[in-house]
Amino acid sequence: VGLLPTVLFSCVAMQPPLTHALVYSHLWRDYDGHILSVAGPHWVGPFRGLRLVPSSLQMLALPRLSALSADGLRLYVDISFQWRYEPSALRALYLSFPPPATLDAMPA
């Protein structure tokens, strides 16, 4: 009687706000095609979990570069990149570039 609620509770995963989530099968070590974009509890099934990706705008700012022009004037260049993950492309992105902390990357 006490085991059934524990098993059912382990089949539910919580998705925080401002994230997209991929459903990951720990048993098969693969992502299925479901992309979740709504925060809250989700039924994912046994031996499955969520891989979270931020849905908000992301930014990478590089350090300021300085150089001299041909006239001897000092130039400063600030470089920054902004991006947002497209939910429909997340599975392909994760299969092409798996996160370093997955079980596949851990030594046997």
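The values are calculated or read from the model by the stated rules, or taken from the named source; none is laboratory data. Given the structure is predicted, the values throughout are model-derived calculations rather than measurements. For neighbour counting, all protein chains shown are included, and Cβ atoms are generated from backbone atoms with ideal geometry for every residue, glycine included. Ligands, DNA and RNA are excluded from the accessible area calculation, which covers all protein heavy atoms including side chains. Shrake-Rupley method; radii C 1.70, N 1.55, O 1.52, S 1.80 Å.
Just add up the charged neighbours of L65: K/R +1, D/E -1, any other residue whose Cβ is under 12 Å from the Cβ of L65.
+1
Using alpha-carbon pairs under 8 Å, 6+ residues apart, how would you state the relative contact order of the chain in percent?
Relative contact order comes out at 24 percent.
Please report the carbon-and-sulfur percent of the accessible area for segment 1-98; probe 1.4 Å, protein heavy atoms only, DNA, RNA and ligands left out.
Carbon and sulfur: 66 percent of the exposed surface of segment 1-98.
Sort the following peptides by mean Cβ neighbour count (other Cβ atoms within 10 Å, averaged over residues), highest first: 63-74, 19-30.
Put in order of decreasing packing, that is 19-30, 63-74.
Counting each DSSP H run of 4 or more residues in the chain as -39500 (n - 2.57), what helix-only mean residue ellipticity at 222 nm follows after dividing by all residues, to the nearest 500 deg cm²/dmol?
Only helices count here, giving -3500 deg cm²/dmol.
Accessible area per residue, 1.4 Å probe, Å², for the chain: what's the number?
75 Å²
For the chain, what's the radius of gyration and Dmax over Cα atoms, in angstrom?
20.9, 82
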